[in-house]
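Single-structure report; data block below.
The values are calculated or read from the model by the stated rules, or taken from the named source; none is laboratory data. All values derive from a computational prediction rather than experimental measurement. Cβ placement follows ideal geometry from the backbone for every residue including glycine, while neighbour counts extend to all protein chains displayed. Protein only, heavy atoms only, side chains kept; ligands, DNA and RNA dropped before computing areas. Shrake-Rupley method; radii C 1.70, N 1.55, O 1.52, S 1.80 Å.
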Amino acid sequence: QVQLVESGGGLVQAGGSLRLSCAASGRTFSSYVMGWFRQAPGKEREFVAAISWSGSRTDYADSVKGRFTISRDNAKRTVYLQMNSLKPEDTAVYYCAADDTYYGRRDDYAYWGQGTQVTVSS
């Protein structure tokens, strides 16, 4: 079992930055693929970014490529999402996800956090 706890959300003006963190429990964190998803009001949950267990592979949604960076610190059992040049359309609840085998953009990840709200004002 893996438990995920997100933090770092908040209110920011357009053009600003935030860094989300996702702390994971469990001794095998370093073997898990980690992902970030988001869900805006009235919309389906969508893929944002993913990172392989070693950090050597990353993938980003086109809408955030060049603005967001996913990274991980296996010693701290934490994955990060650095968000720069934020736009009002980035407003959503951001979820951290983990899986021991699946690496991809579908929401087939086995474990999910509770989410953290990000609001970008114009």
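Yes/no matrix, rows are residues, columns are (1) within 11 Å of the chain's Cα centre (by Cα); (2) of a type in the set (Lys, Arg); (3) over 17 Å from residue 118 (Cβ atoms):
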site	(1), (2), (3)
39	no, no, no
47	yes, no, no
54	no, no, yes
64	no, no, no
69	yes, no, no
81	yes, no, no
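Just give me the residues in segment 57-72 being among the charged types (D, E, K, R) and surrounded by fewer than 16 Cβ atoms within 10 Å (Cβ to Cβ), in sequence order.
Selection gives 57, 62, 65, 67.
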Note to self: I need the strands (runs of 3 or more DSSP E) fully contained in segment 1-56, keeping only those with at least 2 residues that are open to solvent by less than 50 Å² (accessible area, probe 1.4 Å) and more than 14 Å from residue 92 (Cα to Cα).
What the structure shows: 18-24, 33-39, 46-51
Note to self: Condition (residue is in contact with a Leu (Cβ under 7 Å, 6 or more places away or on another chain), of a type in the set (A, V, I, L, M) and modelled with pLDDT of 95 or more) applied to segment 25-47: is it met by at least one residue?
What the structure shows: no
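Residue by residue through segment 57-77, note down the ones that are small (Gly, Ala, Ser) and modelled with pLDDT of 95 or more. Full working, then the answer.
Initially, segment 57-77 is screened for residues small (Gly, Ala, Ser), giving 61, 63, 66, 71, 75.
Those that are small (Gly, Ala, Ser) and modelled with pLDDT of 95 or more: 61, 63, 66, 71.
Any residue at all in segment 73-81 that's surrounded by fewer than 21 Cβ atoms within 10 Å (Cβ to Cβ), basic (Lys, Arg) and either within 19 Å of residue 8 (Cβ to Cβ) or touching a strand residue (DSSP E or B) at 6+ places or on another chain (Cβ under 6 Å) (or both)?
Yes; the residues of segment 73-81 include at least one that is surrounded by fewer than 21 Cβ atoms within 10 Å (Cβ to Cβ), basic (Lys, Arg) and either within 19 Å of residue 8 (Cβ to Cβ) or touching a strand residue (DSSP E or B) at 6+ places or on another chain (Cβ under 6 Å) (or both).
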Notebook entry, point to check: What number of residues in segment 92-122 are surrounded by fewer than 20 Cβ atoms within 10 Å (Cβ to Cβ), more than 10 Å from the chain's Cα centre (by Cα) and not in a strand (DSSP E or B)?
Noted result: 12
Item checked: Neighbours by Cβ (under 7 Å, 6+ apart or cross-chain): first from segment 41-70, of a type in the set (Phe, Trp, Tyr); second part of a loop (DSSP other than H, G, I, E, B) and open to solvent by less than 80 Å² (accessible area, probe 1.4 Å) -> 47/61; 53/32
